[in-house]
Structure formats: structure tokens, C-alpha cells
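A.B. asks: Could you have a look at this structure, given as C-alpha cells, before my questions?
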Amino acid sequence: MANQKKARPQNEPEKGSFLTMIPGFRSQTPWKMGAAGAFYLTIVLYILLLTGIIPNPPR
């Protein structure tokens, strides 16, 4: 009886890494983490280009 885990209420979040809350990193599956990382990096670079923080090279 003493070794049983406490049941966690449904509305209480799991304690763990910040990454476990980000889609693509929740399942800890390597290929999903890689795909999500590439997607998020692409989005960040695109936003930086649109805002002018990274200058768009002339053609």
C-alpha cells in the first residue's frame, strides 16, 4: 500500500521540463522533436526577416 503512486487530478499539470509543454517535444520521440525544432527555427527566421532584424539580401 505504501508504494502506490498518488493519483494526480486532471486539471493539475505534470511537473517536468518546459519542453514537455511544447508541441513536438511532449512525446519525447526523436523524429518529432527534430521536425518540430526545424519548423520552429524556420518560423523564427521568417519572422526575423519580415521584421527587418535580419536584412534580406539584395538580388
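A.B. asks: Using the basic label-point model (7 angstrom from Cα toward the beta carbon), what is the MET21 to LEU48 distance in nanometres?
C.D. replies: Going by the 7 Å Cα→Cβ label model, 2.4 nm.
A.B. asks: Ranked from highest to lowest mean number of other Cβ atoms within 10 Å per residue, what is the order of the peptides 33-42, 46-55? Could the numbers behind the result be given before it?
C.D. replies: On the way: 33-42: 12.6, 46-55: 10.0.
Packing proxy ranking, top to bottom: 33-42, 46-55.
Since every read-out is calculated from the coordinates, none of them should be taken as a lab result. Everything quoted here is computed from the prediction, not taken from an experiment. Please note: Cβ atoms are built from the backbone with ideal geometry, for glycine as well, and neighbour counts cover all protein chains shown.
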